[in-house]
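Enquirer: Below is one structure. I have some questions about it.
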Amino acid sequence: MGQDSALTTAFAPPADSVLWRKDFLLGVATAAYQIEGATGEDGRLPSIWDTFSAIPGKVLHGDTGAVACDHYHRWQQDVDLIHGLNMEAYRLSIAWPRVMDAAGNPNPKGIAFYRELLQSLRAKGLKTFVTLYHWDLPQHLEDKGGWVNRDTAYRFAEYADLMSRELAGLVDAWSTLNEPWCSAMHGYGTGHHAPGKADNKLALQAMHHLLLGHGLAMQVLRRNDPASLKGIVANIGRGTTDGGTAADRRAAELFEIQQNNWVLDPLLKQSYPQGLFELWPGTEPVVEEGDMAVIAAPMDYLGINYYFRTNVRSDGAHGYTEIPLDGVERTQMGWEVFPDGLRDLLIGFRGEYANLPPIYITENGTASDDAVQDGAVNDAQRMSFLNRHLAAVDQAVKAGVDVRGYFIWSLMDNFEWAFGYERRFGIVHVDYATQKRTPKRSAELVRDFLAKRRNRQD
Ligand code: IFM
């Protein structure tokens, strides 16, 4: 497995690590559909993930989010859990289909759920990072074309308007979208995610409307909740090649262009990267006058989610093909553990984007096949993973990148989309038969570090 065993049993950052700085925020993250369950309660409407996961063969073992971690009913216990782990911040998402009906009217019961949750987090001194869209589009909007339909961007801004009027003052940082790359590419390009369409041209149009929705939402968030931070969360990936030709090197560049620049260039440079259309000719989206300026509205922060590296070579035409490397450490997802990628991408973005906002690492973590044994879960591989990625963040900070916090994905094991419940990303184990939560060893180690940091005199 190639683990660094010296790092697996402890969480002890060096004295000069940014992790010791009390203003470097440490927290945990989740998302509504992955933990809440209660998909038919209190007026919640169906989402695209309810529809998609009900189709045989779309999700491993036929799992759905109908119950998930039953967080909708157990949220008080979960807030205590987060607080008990000494976390300083909690990143969650709001389920759009829970808070608005199909005519755009508020659903008071759904809104009350999030208001009470946020009030309770605030009462415990936790900072709240709230994502408006973590993939659970109301099905009635997908029925009208979903993100391929420009109108969805305007509906999203209405939803952002409602939420920021209702919840103003309870949110420290709003994020409009989580990982638009996944919504566009997996939702409309590969079809691996809801709504399951598979056409790159649709994916590019969906991305444009997602980003337009982001820009429109930024305007209403600024108006309704001026004191909060506002931004977006992008998933980034490292692309490298073990091939020796110029075409292989260009393939690695193209990989990163579609993975990173497709999202970051419109936000920070007001344009789509040309390499995207070299890779996928004929997929240029319809862009109306003024859209790019709306999309590129200044942000208070950029959320970065990082998980792995992809090795590619030229496909012999104008694209890349993935060539998995042998002998590297991989997670339960099959993803390569590659902390240097996070450091190198952060440093690269700092050079590439003059207007790069302050960064929060809004997700980083690993899945492992964890089981409770004698009441405990020894997830040594996870602690090693977290240690090495936090060290990579520290290196980026020392190189001048303005990173202000880090959220572990995830608080607890949950519905891992097309992989259902088999893949376990939590620092807290969930027994889905009983809903018992058991903090894993990594959770205990982070908890103890946070207590030490809090009590340190400096
Ligand atoms: O579980 C997901 C999350 O919803 C979005 N980012 C990646 C995680 C792990 O796949």
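The values are calculated or read from the model by the stated rules, or taken from the named source; none is laboratory data. Predicted, not measured: the structure shown is a model, and the values here were computed from it. Cβ placement follows ideal geometry from the backbone for every residue including glycine, while neighbour counts extend to all protein chains displayed. SASA here: full protein model, heavy atoms, side chains in, ligands and nucleic acids out. Shrake-Rupley method; radii C 1.70, N 1.55, O 1.52, S 1.80 Å.
Enquirer: Would you mind putting 30-41, 397-408 in packing order, based on average other-beta-carbon counts within 10 Å, highest first?
Expert: 30-41, 397-408
Enquirer: Take the alpha-carbon positions of the stretch 257-305, form their convex hull, and give its projected area averaged over all directions (one quarter of the hull surface) in nm².
Expert: With the hull built on Cα positions only, its mean projection is 3.8 nm².
Enquirer: Count charges around G316 for me, please; just the other residues with Cβ under 15 Å from its Cβ, Lys/Arg as +1, Asp/Glu as -1.
Expert: After counting each charged neighbour, the total is -1.
Enquirer: Which percent, to the nearest 5, of DSSP beta bridges fully inside the chain are antiparallel? Each step should come with its number before you reach the end.
Expert: Numbers: 12 of 51 bridges.
About 25 percent, rounded to the nearest 5.
Enquirer: Amide H neighbours of K230 under 5 Å, at least 5 residues apart or on other chains, H built in the peptide plane: list them.
Expert: Here W174, D300, Y301 satisfy the definition.
Enquirer: Any idea what the relative contact order of the stretch 83-195 is, in percent, if you count C-alpha pairs under 8 Å spaced at least 6 apart?
Expert: The value is 30 percent.
Enquirer: Is it possible to state the helix-based mean residue ellipticity at 222 nm for the chain, with each DSSP H run of 4+ residues giving -39500 (n - 2.57), the sum divided by total residues, to the nearest 500 deg cm²/dmol? What is it?
Expert: Taken over the chain, the calculation gives -11000 deg cm²/dmol.
Enquirer: With θ taken as phi - 60° and the coefficients 6.51, -1.76 and 1.60, list the Karplus ³J(HN,Hα) couplings across the stretch 387-395 in order, rounded to whole Hz; mark glycine and proline as x.
Expert: 3J(HN,Hα) across the stretch 387-395, in whole Hz: 4, 6, 6, 5, 5, 5, 5, 4, 5.
Enquirer: Using amide H atoms built in the peptide plane, which far-off residues or other-chain residues are under 5 Å from I361 H to H?
Expert: Correct list: I304, R404, G405, Y406, F407.
Enquirer: Explain nothing, just the number: relative contact order of the chain, from Cα pairs under 8 Å at least 6 residues apart, as a whole percent. Please report the intermediate quantities before stating the final value.
Expert: On the way: 954 pairs, mean separation 84.6, N = 458.
So the answer I get is 18 percent.
Enquirer: Which value, in Å³ per residue, describes the convex hull spanned by the Cα atoms of the chain?
Expert: Here the figure is 143 Å³ per residue.
Enquirer: Right, next: For the chain, what is the charge dipole size about the Cα centre, in debye to the nearest 20, if Lys and Arg each add +1 at the Cβ and Asp and Glu each add -1 at the Cβ?
Expert: On the way: 45 positive and 58 negative charges, 228 e Å.
For the chain, the charge dipole is close to 1100 debye.
Enquirer: Number of Lys pairs in the chain with C-alpha atoms less than 16 angstrom apart, excluding same-chain neighbours closer than eight positions?
Expert: Number of lysine pairs found: 5.
Enquirer: Mind grabbing the accessible area of Y154 for me, 1.4 Å probe, Å², rounded to tens?
Expert: 90 Å²
Enquirer: Can you compute the modelled spin-label distance between D242 and V372, with each label point 7 Å from Cα toward Cβ, in nm?
Expert: In this crude spin-label approximation the distance works out to 4.0 nm.
Enquirer: Under the rule of at least 5 residues apart or a separate chain, name every residue whose amide H is placed under 5 Å from the amide H of R330.
Expert: Those qualifying (amide H under 5 Å, at least 5 residues apart or on another chain) are V337.
Enquirer: Quote the FRET efficiency, to the nearest 0.05, computed for Q77 versus E444 with a Förster distance R0 of 25 Å and r equal to the Cβ-Cβ distance.
Expert: 0.90
Enquirer: Moving to a separate point now. Please give, to one decimal in nm, the separation of the simple spin-label points placed at S120 and R165, each 7 Å out from Cα toward the Cβ.
Expert: Spacing of the two 7 Å Cα→Cβ label points: 2.7 nm.
Enquirer: Which sequence of W181, W335 reflects their accessible areas, 1.4 Å probe, from the largest down?
Expert: Numbers: W181 30, W335 65 Å².
Largest accessible area first, the residues go W335, W181.
Enquirer: A further question follows. In nm, what is the difference between 0.36 nm times the number of residues separating D199 and D300 and their Cα-Cα distance?
Expert: Extra length from D199 to D300 when fully extended: 33.0 nm.
Enquirer: Separate question: Hey, what's the chain come to in accessible area per residue, 1.4 Å probe, Å²?
Expert: 37 Å²
Enquirer: Suppose every K and R has +1 on its Cβ and every D and E has -1 on its Cβ; what is the size of the dipole of the stretch 273-383 about the Cα centre, in Debye to the nearest 20?
Expert: It comes to approximately 300 debye.
Enquirer: Please give the FRET efficiency for T321 paired with R223, using the beta carbon to beta carbon distance and R0 = 51 Å, rounded to the nearest 0.05.
Expert: The pair T321/R223 has a calculated efficiency of 0.65.
Enquirer: Rank A399, Q381, A367 by how far each Cα sits towards the positive end of the charge dipole of the stretch 365-409 (+1 on Lys, Arg Cβ; -1 on Asp, Glu Cβ) and give me just the farthest.
Expert: A399
Enquirer: Related question: Carbon and sulfur: what percent of the chain's accessible surface (1.4 Å probe)?
Expert: Values: 8520 of 16780 Å².
Of all accessible area on the chain, carbon and sulfur atoms account for 51 percent.
Enquirer: Sticking with this one: Quick one: dipole size for the stretch 145-266, taken about the Cα centre, charges +1 on Lys/Arg Cβ and -1 on Asp/Glu Cβ, in debye to the nearest 20.
Expert: I would put it at about 200 debye.
Enquirer: Turning to a different aspect of this structure: Report the accessible area of R250, computed with a 1.4 Å probe over the heavy atoms of all protein chains in place, in Å² rounded to the nearest 10.
Expert: Around 80 Å² of this residue is reachable by solvent.
Enquirer: Something else: How would E352, E322, E329 line up by accessible area, probe 1.4 Å, largest first?
Expert: Numbers: E352 80, E322 115, E329 20 Å².
The ordering from most to least exposed comes out as E322, E352, E329.
Enquirer: Looking at P226, N178, T128, which one has the Cα that reaches farthest to the positive end of the dipole of the stretch 117-267 (charges on Cβ: Lys, Arg +1; Asp, Glu -1)?
Expert: So the residue we want is P226.
Enquirer: Tally Lys and Arg at +1 and Asp and Glu at -1 over the other residues with C-beta under 14 Å from the C-beta of D248: what net charge comes out?
Expert: The answer is -2.
Enquirer: Just going by the charge dipole of the stretch 199-348, with Lys and Arg at +1 and Asp and Glu at -1 on Cβ, which of Q259, H318, L216 is farthest out on the positive end?
Expert: My answer, from the dipole projection, is L216.
Enquirer: Diagonalise the Cα gyration tensor of the stretch 96-238 and give the resulting equivalent ellipsoid semi-axes, square root of 5 times each eigenvalue, largest first, whole Å.
Expert: 26, 17, 14
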